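For reference, the structure is listed below as structure tokens.
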Amino acid sequence: MLKDSAGRTISELTFITRLGILTNQMLNFERVKIEHEPPEVRMKSFEVEPLREYSDKEAYAEAGRCIGCNICTQSCPASLDIGGYIRSTALGSPADTVRIVFENLPFPAIIGRVCTHNCEDICVLYDTGGPIAIRHLKRYAADQFEDYSKILDVPKRNFINKKVAVIGGGPAGLTTAYYLAIQGIKVTLFESLPTLGGFMRVGIPRYRLPDEVIDKEINFILSLGVEARLNTKIGEDVKFSDLMDEYDAVFLGVGNHKPRMTGTPGSDVKGVIHATEFLKRANLGEKIKVGNNVVVIGGGFTANDASRVSIRLGAKNVCIMYRRREIDRPGYPSTNAEEEMEESVEEKVKYIWEVTPFEYVGEKGKVVGVRYWENEMVSEGHGRAKPVPQKDKVKFIEADLVIEATGQETDFSFMEAEYLKKLRLTPAGHIITNPQGMTSIPGLFSGGDSTNSARDLISAVRDADTAVIGILEYLNVMDQVADDRWIPYLDRWKKYAPSVVQR
């Protein structure tokens, strides 16, 4: 190994250099600013990401603010060793950062862009200069590598005599496929769409999550021998019962893709669409005619996405209507909700709070506007204040397109009645699983939006991590595990990750 005149190794010299940067940064508690692309630039293109990436110097400095308490890990649904990968970033080793993330999560570049980052909300530096930019540091590290196989020593195994079917190519299904394939399980992934990614592909706009980022991480998973059958609808092209009969276990990662419409009078006229359908069509490349005036019904993240996509498709005036107050909107209070709204406002999205749309007005079969009541927020002494429409206060807003971002649910029509009758669901319609991720049907595991109420990517990954261990135990192959470093860590409270190479 190369050494300097004092006998120190090159890696020691690197450490000393980094230590100087960290020492200087620790005297400055202010978060390293994440630069935004100008609104007038990004509003015109799906190709421009709103946030610019940290430079090396900025990443080292921001990571250097971390005090190493690792409290953040306790709020991460996927139990990532956040303190460990921030430390490796601060020391100038993005490869080690990626290795740590892959202990539980095979999507560092994706999650580094779109995670809800609950971890930042409990950062001990939140009120002292701002929370560590955890999500952005993950993105920085992942974007340094085009091919993860160059830095990840994933064991190459022959397939053992076990096979698992995964229904749904979203974050839960892909995570399950990744960790099972490493252990020699033959995984076949069934996806109804012509592309993999699920909600990551069709529910998140391309300016937030570029196709090339998704492709990079999905292709790495497929390189492990995972077979993907696209354009394959369970219940039509393949029977669900056949999968249960032919495979040793089945994992459901079907998500919530069935729109939940409000049924507002006038919903049947042309120009009224649900946000999930709108975003899917836009993400798959369709040039949707939005007109000049777009009204989005709903106050959550999907409403923000639909409004900003509308602007990029040419809308002049975009308005979000929500029945409650600004402080009642989904996701608030959180840094994620604040960031999303800040970006939307920069892009000239308008908000109308405390209103109830009661009619979509049509002329000649085409929507032309929305009639709505103003609401009065009434406290009932517990829970959130209730919006009560003031029906003497009727207002009208013009609309060429109305987008309902009002929630969605799981479509279980792919299941035969004999299985659906056995599947236990919560009153809200979510699949009930045991601590190993298995449903009430033996051999059938589940995770993601169809199973938990969080409805975010990182929680879907956590469900998959749980199911991976559950499936390995169910198949009775835990004694054949090649290396337990490649089994997800479900719960951790430790300082640093074992996969960090100490140099």
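Laboratory data are not the source of any read-out in this text; all were calculated from the coordinates shown. None of these values were measured; they are calculated from a predicted model. Cβ coordinates were reconstructed from backbone atoms using ideal geometry, including for glycine residues, and neighbour counts include every protein chain displayed.
Below is a table of values for the structure above.
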read-out	value
Segment ARG325-LEU423, extension gain: residue separation times 0.36 nm, minus the distance between their alpha carbons	31.5 nm
Spin-label pair SER413/ASN476, simplified geometry with 7 Å Cα→Cβ offset, distance in nm	4.0
Space enclosed by the convex hull of the alpha-carbon atoms of the chain, per residue, Å³	164
Sites THR128 and SER241, calculated FRET efficiency, Cβ-Cβ separation with R0 35 Å, nearest 0.05	0.05
Highest average packing first - 120-133, 181-194, 199-212, Cβ atoms within 10 Å	181-194, 199-212, 120-133
Long-range amide H partners of GLY362 with built H, under 5 Å	VAL368
Cross-link table LYS186/LYS239; LYS33/LYS57; LYS364/LYS395; LYS44/LYS289; LYS44/LYS287; LYS270/LYS391, entries beyond 18 Å C-alpha to C-alpha	LYS186/LYS239; LYS364/LYS395; LYS270/LYS391
Cα-only radius of gyration and Dmax that characterise the stretch 92-208, units Å	16.5, 55
Sum of -39500 (n - 2.57) over DSSP H runs of 4+, divided by residues of the chain (222 nm, nearest 500)	-9000 deg cm²/dmol
Shape call, the stretch 360-503: gyration tensor on alpha carbons, a/c limit 1.5	prolate
Virtual spin-label span in nm between ASP268 and GLN74, 7 Å along Cα→Cβ	5.5
Per residue, the convex hull volume that the Cα atoms of the stretch 119-182 enclose (Å³)	144
The stretch 20-150: C-alpha gyration tensor shape, a/c 1.5 cut-off, then a/b vs b/c	rounded
Alpha-carbon centroids, the stretch 123-167 and the stretch 38-78: separation in whole Å	15
Cα centroid separation, the stretch 220-282 to the stretch 386-450 (Å)	13
Shape category assigned to the stretch 259-408 from the gyration tensor of Cα positions, a/c cut at 1.5	oblate
Segment ARG281-ALA385, length gained on full extension (0.36 nm per residue, minus Cα span)	33.9 nm
Nearest-0.05 FRET efficiency for GLU35 and ILE151, computed from C-beta distance (R0 22 Å)	0.20
Separation in nanometres of the label points that stand 7 Å from Cα toward Cβ, at VAL378 and LYS364	4.2
Gain on full stretching of the segment that runs from VAL345 to ARG485 - 0.36 nm per residue minus C-alpha separation	46.0 nm
The chain: antiparallel DSSP beta bridges as a percent of all, rounded to 5	40
